[in-house]
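Have a look at the structure below, then the notes.
The values are calculated or read from the model by the stated rules, or taken from the named source; none is laboratory data. No experiment lies behind these values; they were computed from the predicted model shown. Quick reminder, even Gly has a Cβ in these numbers, built from the backbone with ideal geometry, and neighbours come from all protein chains shown.
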Amino acid sequence: MKLNYFLAMLLFAGMALSLQSCLKDKCQREVSYIRIDPVFKTLNEIHNGTAVVEGPRVLKAPGQIYFYNNFIFINEKREGIHVIDNADPANPQNISFINIPGNEDLAIRNGVLYANTYIDLLAIDLMNYQVVGRVESVFPPLWEDIQNNQVAVYYQETPVTEEMDCETFSTLYKSGDILYWGGPMMLEDLAIAVDHSSSSAGGIAGSGIGGSMARFTVASDYLYVIDKSSLKVFDLSQPNQPSQASTVDIGWGIETIFPFEDKLFIGSNSGMFVFDNSNPTQPTMLSTFAHARACDPVYVNDNYAYVTLRSGSACEGFNNQLDLIDITNITAPVLVKSFPMDNPHGLSIKDNDLLLCEGDFGLKSFDVSDPLTLGDHLLDHVKGLHAFDVIALPGQQNVALVIGEDGFYQYNFDDPSDLKLLSKILVSK
């Protein structure tokens, strides 16, 4: 009897192993994903790097956009900044390129360009494009290899298609419909790496105007920069010698910054933070507004903050909407209404016209003379372009600067119900 039981157990174990092997075979499949590998630089390489002005380059991977004195500055991700003469928006001239290794963000005040080169901050005189100041190691690296005196400065993306089993497949990170593998990197860093998303300065005192997706902004004599979890304040009273005045810890996931009057509005993947900036070196938190997890640029106009939430990003959001938040009581922001959208990114407002970037769904214009009913007043929808961020230029000309993965566009919105394309500079593949 015991022998029969033992044989039965052996038979059951054999069947289980066979079934397990069969399941493993069935789990084997061909998988396409993006492998992300860290790229390292030594601290000496970074600190000895500089900015060099060159002849114009074609756009390949445009990032942040900035307007200053009829010139447009477009970041080429991790490579530098395109300089566009925009005296005639219908005929913009790509005149030069500022080669700045590792650059991703910028802001300008009184003829001085402030830009990051990996983890350092540079001050560049726009009269001669010479580096006139540097602050070392002010931005946190993605990864630090102390033993070899080097830091990870960005992630290299490589498309891969291969056979993969279930166990390996479970280690992949998903953003939207794309799979990623990040090796030993933490998921928080990987999320930042796969989200290519990086304020509108409002033209304050000689500063330029950035988009609503910006991470650098200038207000008065100070530069404000956000990183993973903090707000850094730099004193620009000596323009060629920026100095770090303070650091304000905020929390993980902060993304964008927008100055409005004596306030700073900071967007994060979990909500909006409002800071009192009446003491520029010591911004103090006034209030927060929490929302579902999503990437969210913030734009402020009069008594309302406009916040876009979108899906398909590293923020793992599932909402596609424009939130209207009443900030009349700045210490207690209140959600008034949410308007469904396609995939909203950056936005800008001039007078009663709201311009909204919808990613692969193009560019929209709305009448916001009554913000509570903006969802009923879609005026125009331009399709066939990727729209990441937009700046409505100040002054009498109703011109919108639009940047996206496929290039740089300018639209006239004298009649916001009929957006007219003025010019475009397309990305060169």
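Give me the pairs, please: first residue somewhere in segment 242-270 and closer than 16 Å to residue 298 by Cα, second residue anywhere and of a type in the set (Lys, Arg) and outside any strand (DSSP E or B), beta-carbon distance under 7 Å, and either six or more positions apart or on two chains.
If the second residue must be of a type in the set (Lys, Arg) and outside any strand (DSSP E or B), the pairs left are 256/215; 257/215; 269/293; 270/293.
Could you list, in sequence order, all residues of segment 41-60 that are modelled with pLDDT of 95 or more and not in a strand (DSSP E or B)?
Scanning segment 41-60 gives 51, 55, 56, 57, 58, 59, 60.
If I filter segment 248-278 down to residues being polar (S, T, N, Q) and out of contact with any Leu (no Cβ under 7 Å at 6 or more places or on another chain), which single residue comes out as farthest from residue 307 (Cα to Cα)?
Filtering segment 248-278 for residues that are polar (S, T, N, Q) and out of contact with any Leu (no Cβ under 7 Å at 6 or more places or on another chain), the one farthest from residue 307 (Cα to Cα) comes out as 278.
Is at least one residue of segment 258-268 buried (at least 20 other Cβ atoms within 10 Å of the Cβ), among the acidic types (Asp, Glu) and not in a strand (DSSP E or B)?
The answer is no, given that none of the residues of segment 258-268 is buried (at least 20 other Cβ atoms within 10 Å of the Cβ), among the acidic types (Asp, Glu) and not in a strand (DSSP E or B).
Every residue in segment 369-394 that is part of a loop (DSSP other than H, G, I, E, B) and surrounded by fewer than 20 Cβ atoms within 10 Å (Cβ to Cβ), please.
369, 370, 377, 383, 384, 394
What pairs can you find where one residue is in segment 338-363 and under 24 Å from residue 394 (Cα atoms), the other is basic (Lys, Arg) and modelled with pLDDT of 95 or more, and their Cβ atoms are less than 8 Å apart, with a gap of 6+ or different chains?
355/364; 356/364; 358/364; 362/383
Just to be sure before I move on: is residue 183 out of contact with any Leu (no Cβ under 6 Å at 6 or more places or on another chain), surrounded by 14 or more Cβ atoms within 10 Å (Cβ to Cβ), in a loop (DSSP other than H, G, I, E, B) and modelled with pLDDT under 80 in the structure I sent?
no
Mind listing just one residue for me: the one in segment 112-152 that is in a loop (DSSP other than H, G, I, E, B) and of a type in the set (A, V, I, L, M, F, W, C) and, of those, modelled with the lowest pLDDT?
142
Do we find that residue 288 is more than 25 Å from residue 125 (Cβ to Cβ) and either part of a strand (DSSP E or B) or among the aliphatic types (A, V, I, L, M) (or both) in this structure?
Taking the combined requirement at face value, the residue satisfies it.
(1) surrounded by 13 or more Cβ atoms within 10 Å (Cβ to Cβ); (2) at pLDDT 85 or above; (3) in a strand (DSSP E or B): which one isn't true of residue 32, the others all being true?
That leaves (1) as the condition not met.
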